[in-house]
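This report refers to the structure that appears directly beneath it.
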Amino acid sequence: MWLVVGLGNPGSRYARNRHNAGFMVVDELRRRAGSPAPRLKLGAEVSEATLAGKPVLLCKPLEFMNCSGLAVQRAVAFWKIPPEQAVVVHDELDVPLGRLKLSFGGGSGGHNGLQSIIQEWGSPDFSRVRLGIGRPPAQWDAADYVLADFAQEESRLLPDLIAEAADATETIVKSGLQVAMNIFNKRKKNESEAGA
């Protein structure tokens, strides 16, 4: 079984925040899979689904971002899922708005949700689908920026970004990270070069 974790904060006040991009992708994957309503289990909202013909556990930790790893650790212990069969989907300040970057392993890059998962799981060796939200304007603190809703003009890019991140996640599950990286990491680069 694969594990797909979307990072975010629970509750309606955070629902449209930049920091909740991971939750949005899990919701889209759940919709595509036609999976039943999620269950509350082990501190997370979980659904068992089939993506690309493979069993997948869709997980939204409900412990708040800084403690996401607690719910993830409980889930991987219960379902016995190794890190190499996990995909974590999250917002990324260091990727331009509207772009994706897929990667494997490494540090948290200052992302508190990733840091919590690495700390609790004891391994950084999982795939990441990083949704670009761009850097905040000079006068904004990064923490305030990620906990603010997407601006109106940003929201126009959001449906395509969420759909592309869901496509990338399905490709990882179906064909592996390297294949997905070759498709999705090059796609926006090539589009940027074509527009230059």
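Rule-based calculations on the coordinates, nothing more; no lab input. In this text, all values refer to a predicted model and were calculated from it rather than measured experimentally. We place every Cβ from the backbone using ideal geometry, glycine too, and count neighbours over all the protein chains shown.
Tabulated data for the structure shown
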| quantity | calculated |
| --- | --- |
| Count of the range 34-76 residues which are touching a Pro at 6+ places or on another chain (Cβ under 9 Å), assigned to a loop (DSSP other than H, G, I, E, B) and small (Gly, Ala, Ser) | 1 |
| Count of residues meeting criterion [out of contact with any strand residue (DSSP E or B) (no Cβ under 7 Å at 6 or more places or on another chain) and not charged (D, E, K, R)] in the range 56-68 | 4 |
| Residues of the range 135-183 that turn out to be farther than 16 Å from residue 104 by Cα and either touching a His at 6+ places or on another chain (Cβ under 8 Å) or of a type in the set (A, V, I, L, M, F, W, C) (or both), as a count | 15 |
| Considering residues of the range 31-78 that are among the polar types (S, T, N, Q) and over 16 Å from residue 125 (Cα atoms) only, the residue surrounded by the most Cβ atoms within 10 Å (Cβ to Cβ) | 68 |
| Flag if residue 31 is without any contact (Cβ under 8 Å) to a residue 12 or more places away in the chain, under 16 Å from the mean Cα position of the chain (by Cα) and assigned to a helix (DSSP H, G or I) | yes |
| Residue satisfying condition, being on the phi < 0 side of the Ramachandran plot, in contact with a helix residue (DSSP H, G or I) (Cβ under 9 Å, 6 or more places away or on another chain) and of a type in the set (Gly, Ala, Ser), within set 168, 142, 138, 151 | 168 |
| Elements of type strands (runs of 3 or more DSSP E) in the range 79-188, at least 3 residues being within 16 Å of the chain's Cα centre (by Cα) and surrounded by fewer than 17 Cβ atoms within 10 Å (Cβ to Cβ) | none |
| Filtered residue count, the range 115-150, keeping only those that are free of Cβ contacts under 8 Å to residues at least 12 places away in the same chain and more than 18 Å from residue 8 (Cβ to Cβ) | 6 |
| Which listed residue, of 42, 51, 58, is touching a Lys or Arg at 6+ places or on another chain (Cβ under 6 Å) and either under 28 Å from residue 97 (Cα atoms) or among the basic types (Lys, Arg) (or both) | 58 |
